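Have a look at the structure below, then the notes.
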Amino acid sequence: MRCLGCFVLTKEVYCKKCKKALFATQKVSTTLDFDKKEFISATIELSEQMSISGVQDKISLKIENKKLIPTSTDGVYILKPVPLMDYGELLTDVAKNEHFTMQLASQVFKLETAKNALIAFSDGELAYITKRFDRVDGAKIKQEDFSSLARQTEQSHGKNYKYDYSYEEMGGLIKKYLPSYKIELLKFFKLILFNYLVGNGDAHLKNFSVLQRSTKEYGLSPAYDLLSSSLHLPNESRTALELFKEYESKSFEANGFYAYDDFMMFSKILEIPQKMAEGVIEDFLSKEKATLKLLDNSFLSNEAKERYREIFLDRIRAVFYRFNT
Ligand SMILES: [Zn+2]
């Protein structure tokens, strides 16, 4: 069978490498001993303890007596099953979509991501599990998401606060707050390009964070919450935020979608040397074969695989497209 972490063939649920990445040396059952119904009652119970309202679509887990159990404190993992609320088409593929997209980001596109895998409930249904990166050996690491860096909350900016911004302005925050901003801006550029290629229209302010490193300096956190939202919501806009605060390229004006010229201008605004940006785009566009191969080995349904493929190839074409030639 295939490893529920990285898709390699293995005799166990997880290959050695994934087991180590997820659980280090701790012995732990690799199947949950509760099902989705018990998950739902646990979220209700825990949200009462934490005074947040209602059913949540995710829950914190910790290891106790060699088992992963729901917890309101000291959570080391986050468990996200297929959403309970309606989330567009191919609903049963949501957790597998996030898992595949996160694996694609790290394995093929070499982006730093939160450690993640799929894990089975006691009745066999698969959920997405990710290891928290703001905890190391029980200690809390300072983390702040970009809605807080941008000082945008629901109170100050209304219901749309997570979307009412641009990636260009996020670049400005990176430059302002992160000492190693030159490296971080390049990482950020790659992540935005990746999101575009996989059809992630949900990369809003709260899905990016900065994290304090052991040197005390802040840097971008590993990427998290990556998925092809277009797979489920084919009509949503192509990006969660617009690339630019005001600028609009001739290419965008003529075609209404971001293409090569837009990403080159975006890289320029992020002060990335232009040769380097060209290299990143070329490199990303060359990953078509590797992406489709990994997709084939993923746990997505055949219909979801086919749709993912279409979205990805369509976006590759978009980024290839040059208005000014
Ligand atoms: Zn593995």
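A short reminder: the numbers here are calculations on the coordinates, not readings from a lab. Bear in mind the structure is a predicted one, so any value in this text is a computation, not a measurement. Don't worry about glycine lacking a Cβ; one is built from the backbone with ideal geometry, like all the others, and counts go over all protein chains shown.
Some values worked out for this structure:
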| read-out | value |
| --- | --- |
| Inter-label distance, nm, simple model (7 Å from Cα along the C-beta direction), residue 154/residue 48 | 2.2 |
| Pair residue 164, residue 289: separation of 7 Å Cα→Cβ label points (nm) | 4.8 |
| Cα gyration tensor shape of segment 58-134, rounded if a/c is under 1.5, else prolate or oblate by comparing a/b with b/c | oblate |
| For the chain: rounded, prolate or oblate by the Cα gyration tensor [a/c cutoff 1.5] | prolate |
| Nearest-0.05 FRET efficiency for residue 64 and residue 314, computed from C-beta distance (R0 51 Å) | 0.65 |
| Relative contact order, percent, segment 16-136 [alpha-carbon distance under 8 Å, six or more residues apart] | 26 |
| Unpaired by the 4.7 Å Cβ criterion, cysteines found in the chain | 6, 18 |
| For the chain: relative contact order, % (alpha-carbon pairs under 8 angstrom, 6 or more apart) | 16 |
| Leading residue at positive end of dipole, the chain (Cβ point charges), from 21, 302, 188 | 21 |
| Added length on full extension, which subtracts the Cα-Cα distance from 0.36 nm per residue, residue 110 to residue 211 | 34.4 nm |
| Selection of chymotrypsin sites (Phe, Trp or Tyr not before Pro), segment 280-311, meeting DSSP coil and at most 10 other Cβ within 10 Å | none |
| Degrees separating the helix 36-49 axis from the principal Cα axis of the chain, which is the longest one | 80 |
| Inter-part distance where segment 100-147 and segment 246-276 are each reduced to a Cα centre, Å | 31 |
| Residue with peak Gaussian network fluctuation, the chain [Cα springs, cutoff 10 Å], from 150, 139, 120 | 139 |
| Fully extended contour minus Cα-Cα distance, from residue 25 to residue 245, at 0.36 nm per residue | 74.5 nm |
